[in-house]
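Enquirer: Below are the structure tokens for one structure; questions will follow.
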Amino acid sequence: MRPEEVVNLDAYPILDRSSPKRAELVARLKRELDQNLYVSLPDFIRPAARDRAVADAMAAHPKAFHNKSRRNCYLQRKGDETLPGDHPRNILMDASTRMIAYDLIPGDCPVKTLYHWQPVRDFVAAIVGSETLYDNEDPLQPVNLLCYEPGDRSAWHFDSVNAFTMTLMLQAPEKGGDFQLVPNTRSDSDQNYDYVGAIVRGERPQDAVSVAREAGALCIFRGCNSLHRVSPVEGDRMRIMGVFVYESEPGVTGDPEVNATVYGR
């Protein structure tokens, strides 16, 4: 599909970088991201593009890698025996997702069209406060389709290195599958273990913000210091989302060990 057929330019006038409307939109979205550590852009793609992306995901789903893991919120498979049993580093949680890698997605799939379009890349860079963003050049990582079948979930975790994460909801499940985030759970100077432990033990559910999950919504968030998860999916309909990886410098490829874990190859 052509970029203009994918992105809802009526709601998001991103083409003219000198346009006052674009400047106002970017300023509002950047302000929301800075204040809340997430921002949601509803109806970012057109319905026909959304439907095509879902169809591509369903067609590739049999080849998706089923990634099952049991880790703490720091993405570690083992705890620390020198710490108490209820310390967040010793609380291991189950996660289960189905990952469709970049090379399994058709070249004209709307998620690839969106990702590689320079106006979108410039728009996202302005929102996150980067001068320039570049495409990831790994054969598997740049754009993924992430599927959650009934019972699948993403456990509470911090992102390891990404300055921001960008996702696109393509199909919401019948129930569950909520994206939840606890802004500023920790800081660069304070691990805040007591509070992190309270979140992962389920003692402060009221602190979690549920981000809109309507199909077609683009979400940008900062997850390095904010715990986040996807709650268990319920019902017969899969939760399907696009995941996009931009870089701050050109020529970036992935870690083979990470690829083996995430994609099974």
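The values are calculated or read from the model by the stated rules, or taken from the named source; none is laboratory data. In this text the structure is predicted, and so the values were computed from the model without any measurement. Using ideal geometry, Cβ is built from the backbone for each residue, glycine included, and neighbour counts are taken over all protein chains shown.
Enquirer: In the list VAL252, VAL196, which residue meets the criterion of being assigned to a helix (DSSP H, G or I) and more than 25 Å from PRO42 (Cα to Cα)?
Expert: VAL196
Enquirer: Here is a follow-up. Of the numbered conditions (1) in a strand (DSSP E or B); (2) touching a helix residue (DSSP H, G or I) at 6+ places or on another chain (Cβ under 6 Å), HIS228 fails exactly one; give the number of that condition.
Expert: (2)
Residue-wise test of (1) assigned to a loop (DSSP other than H, G, I, E, B); (2) free of Cβ contacts under 8 Å to residues at least 24 places away in the same chain; (3) farther than 24 Å from VAL6 by Cβ.
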| site | (1), (2), (3) |
| --- | --- |
| PRO150 | yes, no, yes |
| ALA155 | no, no, yes |
| ASN162 | yes, no, no |
| PRO173 | yes, no, no |
| SER189 | yes, yes, yes |
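Enquirer: Here's something else I'd like to know. Yes or no: segment 211-222 includes at least one residue that is part of a strand (DSSP E or B), among the β-branched types (Val, Ile, Thr) and farther than 29 Å from HIS116 by Cα.
Expert: No, because not a single residue in segment 211-222 is part of a strand (DSSP E or B), among the β-branched types (Val, Ile, Thr) and farther than 29 Å from HIS116 by Cα.
Enquirer: Please verify whether GLU214 is out of contact with any Gly (no Cβ under 6 Å at 6 or more places or on another chain), surrounded by 14 or more Cβ atoms within 10 Å (Cβ to Cβ) and either of a type in the set (Asp, Glu) or at pLDDT below 95 (or both), treating the condition exactly as stated.
Expert: Taking the combined requirement at face value, the residue does not satisfy it.
Enquirer: Follow-up. Residue by residue through segment 1-56, note down the ones that are assigned to a loop (DSSP other than H, G, I, E, B), of a type in the set (D, E, K, R) and closer than 26 Å to ASP178 by Cβ.
Expert: ASP43, ARG46
Enquirer: Say we look at segment 212-239 and pick out the residues that are in contact with a His (Cβ under 9 Å, 6 or more places away or on another chain) and of a type outside the set (Gly, Ala, Ser); which of these is farthest from PRO183 (Cα to Cα)?
Expert: That would be MET238.
Enquirer: Just one of (1) within 21 Å of SER154 (Cβ to Cβ); (2) touching a Lys or Arg at 6+ places or on another chain (Cβ under 6 Å) trips up PHE65, so point out which.
Expert: Result: PHE65 fails condition (2) only.
Enquirer: So, one more: Give the residue, chosen from GLN180, GLN191, that is surrounded by fewer than 17 Cβ atoms within 10 Å (Cβ to Cβ), of a type in the set (S, T, N, Q) and modelled with pLDDT of 95 or more.
Expert: The unique qualifying residue is GLN191.
Enquirer: Also: If a residue has to be surrounded by fewer than 16 Cβ atoms within 10 Å (Cβ to Cβ) and assigned to a loop (DSSP other than H, G, I, E, B) to count, how many in segment 57-107 make the cut?
Expert: Looking only at that region, the number is 14.
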